[in-house]
Amino acid sequence: MQASSPSIPSRPPFWLWLHLVSLEAPLVSVLWAAGLAKVIRVPLMPGVLWGLGLSVWMIYVLDRLLDTVGKRDADLDARHLFHRRHQRLFMIGVAGAAAITTWLALWVVPADLMWHCVMLAVPMLVYLAIYTVEGSAISFRWLLPLCGVATVSLIASAPLKTGFKLSLAVLVTSGLLMLSIKRNQERLRSAMNKDVVGGMLFALGCTAWSRFIRDGSDVVGGFLEFVLLSCLFISNLTGISAVSGQTRWLAAGFGAVVGSLALVWRGDVAESMSALATACGLGFALLSSLKLLRRHFSAELYRVLADVAVALPVMWLFIRA
């Protein structure tokens with residue numbers, strides 16, 4: 001018997017609208033970036049939050065559109081089906097978001113921050129090429145070549161020494177050529193779960209501003225920040241797609257919280273790290289509670305609640321800052 005397509009209400013509730021148009025992830029990223037800025041007591045520059053939110057939204061929309069390639073409507077969940085049905089509108093939105101982000105990068109945010117964030121586009125493109133549509137022709141003919149051209153162009157324009165730029169361009173191009181071989185993509189996918197890579201990239205995006213402000217002055221604090229948020233976001237993603245894997249990441253997250261608080265108590269890291277560790281601990285606790293109650297929620301509602309679980313703890317950063 002052929003499976004029926006998931007139904008989308010004609011008048012979805014507000015929480016379902018956020019889910020269908022891929023707004024949860026941008027909201028989560030913006031909240032965490034603002035919370036981290038509050039913790040390190042550095043005001044956010046104009047354009048930082050808008051640039052981050054729009055970039056995350058574009059990546060999520062493209063990821064979901066690419067995931068629909070070659071699949072029947074009956075094989076898609078509600079959010080993917082919604083993206084397929086409104087593909088033209090989403091692509092127009094992505095084009096507009098790209099134009100605004102480019103304007104922010106070139107004329108609003110500092111040049112150093114622009115270069116810092118633009119370099120994150122390279123692993124994002126590789127992520128889309130390797131983990132969507134299972135390494136189809138789209139990856140070979142579009143995403144990886146685009147990633148190569150963009151990377152070499154960025155390196156050529158970067159304020160670096162000629163010899164270093166040449167070496168870096170050769171290294172990156174060689175790596176992308178290796179990844180263009182489907183066998184190598186399959187090996188990487190088997191070694192690195194999509195949820196793990198996605199969570200780490202999300203953490204890199206959320207910490208871009210605080211990392212830029214630190215400029216290498218607090219290596220331990222920056223590393224702990226990245227580890228805590230990576231565990232939190234990976235726990236969120238694995239809870240949605242691979243429940244068995246979520247338990248390990250929740251355990252790792254709680255361990256990172258305890259380790260961070262121990263370093264604060266020893267005086268090895270700034271006192272502000274205790275606020276971040278506590279906030280992440282609240283997030284792990286909320287995700288653990290959701291896991292126990294999962295059977296009571298629909299798939300779409302669980303996804304939204306899981307995003308709420310990683311967004312709510314940010315309030316602790318504003319309270320303690």
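Observations on the structure shown:
- Cα-Cα separations in the stretch 68-130 greater than 15 Å, expressed as whole percent: 67
- Here the mean projected area of the convex hull built on the C-alpha positions of the stretch 243-298 is 4.1 nm².
- Selected from 82, 46, 66, residue furthest toward positive end of dipole (the stretch 8-93; charges at beta carbon): 46
- For the stretch 289-321 versus the stretch 25-52, the gap between their alpha-carbon centres in whole angstrom: 19
Each reported figure results from applying straightforward, stated rules to the coordinates on display, with no laboratory input. Because the structure is predicted, anything quoted here is derived from the model rather than measured. Cβ sites come from the backbone with ideal geometry, for glycine too, and all protein chains shown count toward neighbours.
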